[in-house]
Every structure is written in structure tokens, then in C-alpha cells.
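These notes concern the structure reproduced below.
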Amino acid sequence: MTEQSVRLWGARFRTSPSPELIALSRSESSYFRLVRYDLTSSMAHARELVRAGILTAAEADEVCATLETIGADYEAGRIKPSPSDEDIHTFLERILGERVGILGGKLRAGRSRNDQAANDLKLYLRDVARHIGSDILNLQNALVEQAEAHITTLTTGFTHLQPAQPVSFAHQLLAHAQTFARDLDRLRDWDKRAARSPLGAAALAGSAIALQPELSARELGYDAPCENSIDAVGSRDHVAEFLFVMAMFGVHLSRLAEELFLWSSRQFRWIEMDDGYATGSSIMPQKKNCDIAELTRGRASRLIGSLTTMLVALKGLAFAYNRDLAEDKHAAFDTIDALTLVVPAMAGLIRTMRVNADIMRRQSVEGFTLATEVADWLAKSGVPFSEAHEITGALVRYCEDKSIGLEDLSDADLAAVDERLLPSIKMSLSPQAAIEARKAYGGTAPDRVREQIARLKSVLDGQKEWLSSYAGPRAER
Ligand code: ARG
């Protein structure tokens with residue numbers, strides 16, 4: 001038996017749609033992942049139609065029960081869209097019609113695919129934001145665990161990718177965790193603006209039938225309906241903003257990925273990747289590659305691409321709905337699918353990496369990273385910093401000539417360069433002393449790093465609470 005496709009329009013047309021139009025108009029198959037959200041929203045709409053006197057309570061119950069079974073059948077793979085179903089809405093209306101007859105057609109009253117499409121994606125995004133949010137949290141926890149183990153592990157801090165000053169390895173790891181904490185914070189903030197329901201906006205002007213959109217909004221976990229029906233169906237800044245938050249996060253991930261390459265390289269040897277999170281080469285048996293980080297860095301470019309797609313689709317678009325807006329789903333799904341794979345892999349890589357503290361400690365003084373200690377010591381003993389800078393420069397040159405490090409200087413060496421370089425300066429010339437000295441809020445001193453961890457943990461607790469506080473429909477991934 002061939003399925004009868006649902007005709008949403010056409011009575012005023014003299015010929016049927018051309019095959020080219022049908023092919024172009026058909027949704028991508030990935031759009032059908034919104035089925036569950038569309039069904040839940042249809043149930044809310046059925047109850048709205050009872051209030052409007054279009055469905056009896058018994059009819060609405062029958063519709064809702066059928067929608068429920070449609071959802072179960074779809075998830076179990078017992079039904080799927082046919083090539084003649086233009087989109088998720090026509091697909092579900094067809095199945096509903098097959099099961100409840102003309103009652104199914106009644107459900108279309110008072111709404112439009114325009115408000116349905118906007119609503120389905122919004123519900124999905126609000127749900128997925130929590131899934132991605134907990135993956136981000138897991139990644140942050142992995143960084144915090146490593147940081148806790150390496151508060152006093154000395155390493156090199158860089159500027160311009162040149163050795164700059166010793167830092168605690170925990171401090172370096174936490175720099176990344178802080179960026180991710182802000183990403184998650186941005187997601188929470190995005191959600192406040194996304195918590196408005198487009199349902200009831202219908203095509204663009206509002207519905208003459210669904211007169212209490214505030215009730216369906218509540219049922220679907222929103223704070224309230226959108227203020228303006230034209231805005232409700234014609235705007236996608238919530239999608240663009242979501243994509244920005246994700247693209248920013250992707251860029252942050254990519255920066256972490258870049259450091260992981262460096263740290264795991266033969267030249268650095270700061271970390272050893274766990275075998276389960278590293279890859280080999282088909283020709284070079286010795287290789288241990290950091291593919292997870294490479295794929296992460298690569299995917300970040302896609303996230304930027306998705307954001308760009310959405311912004312460009314919106315630019316110059318007259319209100320309200322235009323088909324261009326359907327780009328929202330492709331852009332969102334591409335980003336979400338990428339992150340769904342990338343974030344857990346990065347978290348696993350971080351959590352399982354082994355840290356070579358001895359190697360780091362040794363490297364932490366290479367490249368005269370203690371030079372600032374000399375200049376600071378001189379400045380504190382009354383030498384103007386400009387002069388202190390000059391003296392220290394001369395001292396570095398002296399060390400270079402003798403092939404020694406600043407930490408190897410004898411009293412005589414110091415005095416030979418400048419008489420103000422007293423033996424007591426040597427107390428400051430160790431990487432431990434250097435990090436201990438940076439003891440102001442936000443600095444790399446171990447006590448400050450401990451406090452940073454404590455504060456970050458309470459931020460993460462708050463984020464965890466937010467992730468579990470959402471009552472809206474749950475997403476499948
Ligand atoms: N399938 C479209 C989408 O994915 C929604 C359909 C709205 N179509 C229309 N002709 N008004 O966004």
C-alpha cells in the first residue's frame with residue numbers, strides 16, 4: 001500500500017508541485033530528530049483546542065494517546081517518514097490521520113508550521129543545552145581533578161610561546177577551566193532569553209483560536225509566551241546566540257587542544273596520553289598521536305561555520321517567516337553533533353593523561369624564566385625598575401656566555417655583574433620562590449590556586465544545579 005501524503009495546501013493551485021520543488025522543499029532527514037518535541041507540543045495544542053471548543057476533552061484525550069503511541073512507534077523504528085512527507089509536521093499529521101481519521105485534521109486549527117517549527121527547535125535546543133552543559137561540566141571536573149593533583153607542580157608559563165615565568169601546572173589547567181566556566185555561564189544566560197514560547201503565534205499574526213498561549217508555554221517548560229507573534233516566528237537570534245556560545249566554547253576547546261599537542265610532543269614531554277585516548281600510525285610503529293585534540297580543533301571550525309550560516313541567513317531577512325529560516329536546524333544539529341562527540345573525548349583525554357612533573361620542573365627554569373625575579377628583587381631593594389631591567393639583562397647575557405642558568409649563579413658571579421646583586425637574592429632564584437611570590441588574588445601561588453579551585457568548585461556546583469533544574473521535555477541525542 002502506498003502512503004497517502006498529507007496535503008497542507010494546494011486547493012487554489014491548478015497543477016501539482018513539480019518534482020524539483022518537492023525535492024528542494026523536503027526537509028533533511030536529520031530534522032526528524034525533533035519528532036518528540038513536535039508531539040509534546042501537539043499535545044499541548046490539543047488541550048488548547050479543548051479550551052477553544054474545537055475538540056472535546058475526550059477527543060483531545062484520544063489525540064494525545066495516539067500521539068503518545070506515534071512517539072513510541074517512531075522511537076522503536078516502527079514508522080518512518082516517507083519520501084512524500086515534506087517535513088516532520090506533514091509526516092506526523094499523516095500518521096495521526098491514518099490512526100484517528102478526521103480528528104487529526106482538526107488539530108491543525110489555530111496553529112501553523114511557522115510557530116511549530118520555531119517551537120520544536122527551541123525546545124530541542126533548551127534540552128540539548130543541558131546535555132552539552134553536563135558534558136562541559138564533566139570536562140571541567142577532569143581539569144579540576146588534574147589541577148588538584150598538581151598545585152605545586154612547577155612548569156613553564158609562556159608568552160609569545162616563549163618561556164616567560166614559572167607557574168603551577170594547576171594554574172595553567174585552571175585557566176582553561178575558567179574559560180569553560182564562562183561558556184557554561186553564557187549558556188545559562190542564553191537560556192533566560194530562550195525561555196519564551198513561540199506557540200500561539202501561528203503564521204505570524206497570532207492565533208484566533210489558541211487564545212491562551214501562556215498555558216501551553218508553561219506546559220512546555222517555558223517562562224511565558226513570546227511578546228510579539230511576528231518576532232516569535234521570524235526571529236532566530238536565540239539560535240545564533242546558542243551557536244555563538246558553542247562556537248566560543250569550540251574555540252576555547254581548540255586552544256586547549258593546541259596545548260595538548262605541545263605538552264604531549266617529544267620536545268615538551270609534559271604529559272603522556274593514555275593509550276585509550278591516543279592513536280598510532282599505519283606506517284610508523286613508534287607513533288602516538290593526539291587525534292582527539294586534532295579532531296577537536298578541526299570541529300571548532302565547523303562551529304564557527306554554523307554560527308556564520310545562521311547570521312548570514314538572518315541578515316536582510318524581512319519579518320516574519322521565510323524558508324531561509326530552515327537553515328537554523330542544519331546549523332544547530334551540525335554544532336550539537338560535533339560537540340556531543342568531542343567533549344567527552346577531550347574530558348577522557350584530560351582525566352587519564354599522566355603528568356611528568358620532574359620534566360616540567362626541570363624545564364620550568366629553562367630560558368631564564370627567573371629573570372623577572374631578579375628585576376623584582378632589585379626593584380624591591382630600591383633600584384628603579386628601568387635600571388633593574390638593564391642589570392637583569394646583563395645578568396642573563398652573563399649566564400648565556402657561561403652556559404649556566406640564573407639559579408646556578410654564585411655570589412661572585414652576581415657581584416661581577418652588579419654590586420647591588422647581593423647574595424640574598426638567591427633566595428628568590430628558584431621556581432618555587434617565583435610561584436610563591438605571586439600571592440595576590442588570581443596569582444599562581446599554591447595557596448591562591450587552592451582558593452581558586454575552591455571558588456571554581458562552588459561555581460561548578462551552581463552550574464550543576466542549573467543543569468538539573470529544568471523541567472521541560474527531555475531530549476534524545
Ligand atoms: N519545514 C519548515 C522548517 O523546517 C517549516 C515549514 C514552514 N513552511 C512554510 N511554508 N511556512 O522550518
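The values are calculated or read from the model by the stated rules, or taken from the named source; none is laboratory data. Not measured: the values here are computed from a predicted model. Here the Cβ is made from the backbone with ideal geometry for all residues, glycine too, and neighbour counts use every protein chain on show. Note: accessible area is taken over every heavy atom of the protein model, side chains too, but ligands, DNA and RNA are not part of it. Shrake-Rupley method; radii C 1.70, N 1.55, O 1.52, S 1.80 Å.
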Would the range 229-242 turn up any residue that is of a type outside the set (D, E, K, R), open to solvent by 10 Å² or more (accessible area, probe 1.4 Å) and more than 16 Å from the ligand (Cβ to nearest atom)?
no
List the number of the failed condition for T152; all other conditions in (1) in contact with a Ser or Thr (Cβ under 7 Å, 6 or more places away or on another chain); (2) buried (at least 24 other Cβ atoms within 10 Å of the Cβ); (3) under 30 Å from Q432 (Cβ atoms) hold.
(2)
Only one of these is away from the ligand (no atom under 16 Å from the Cβ), loosely packed, with under 15 Cβ neighbours inside 10 Å and of a type outside the set (A, V, I, L, M): G348, G298. Name it.
G298
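Of all residues in the range 404-418, how many are within 51 Å of the chain's Cα centre (by Cα) and touching a residue at least 12 places away in the same chain (Cβ under 8 Å)? It would help to see each step written out before you state the result.
Taking the range 404-418 first, the residues within 51 Å of the chain's Cα centre (by Cα) are 404-409.
Still in the running and touching a residue at least 12 places away in the same chain (Cβ under 8 Å): 405-407, 409.
Here the count works out to 4.
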Run A72 past the list (1) under 35 Å from the mean Cα position of the chain (by Cα); (2) closer than 29 Å to L24 by Cα and report the number of the one that doesn't hold.
(2)
So which pairs qualify, if the first residue must be in the range 311-335 and without any contact (Cβ under 8 Å) to a residue 24 or more places away in the chain and closer than 22 Å to S229 by Cβ, the second must be part of a loop (DSSP other than H, G, I, E, B) and open to solvent by less than 60 Å² (accessible area, probe 1.4 Å), the Cβ gap must be under 7 Å, and the two must be at least 6 apart or on different chains?
D324/L317
I'd like the full set of residues that are away from the ligand (no atom under 14 Å from the Cβ), open to solvent by 40 Å² or more (accessible area, probe 1.4 Å) and part of a helix (DSSP H, G or I), limited to the range 303-339.
I304, T308, T309, L311, V312, D334, D337
Condition first: under 15 Å from S430 (Cα atoms) and open to solvent by less than 40 Å² (accessible area, probe 1.4 Å). Can you find one or more residues in the range 375-391 that meet it?
yes
If we take the range 55-118, then helices (runs of 4 or more DSSP H) inside it with 1 or more residues that are more than 15 Å from the ligand (Cβ to nearest atom), among the hydroxyl-bearing types (S, T, Y) and modelled with pLDDT of 95 or more are 57-75
Exception for D38 within (1) within 15 Å of the ligand (Cβ to nearest atom); (2) free of Cβ contacts under 8 Å to residues at least 24 places away in the same chain; (3) of a type in the set (D, E) falls at (2)
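List the helices (runs of 4 or more DSSP H) inside the range 377-473, counting only whole elements, that have at least 1 residues being out of contact with any Pro (no Cβ under 8 Å at 6 or more places or on another chain) and closer than 30 Å to N119 by Cα.
Working: elements: 385-402, 411-417, 431-437, 446-468.
Output list reads 446-468.
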Given the conditions (1) open to solvent by less than 30 Å² (accessible area, probe 1.4 Å); (2) assigned to a helix (DSSP H, G or I); (3) closer than 22 Å to G472 by Cα; (4) not hydrophobic (A, V, I, L, M, F, W, C), every one holds for R188 apart from (1)
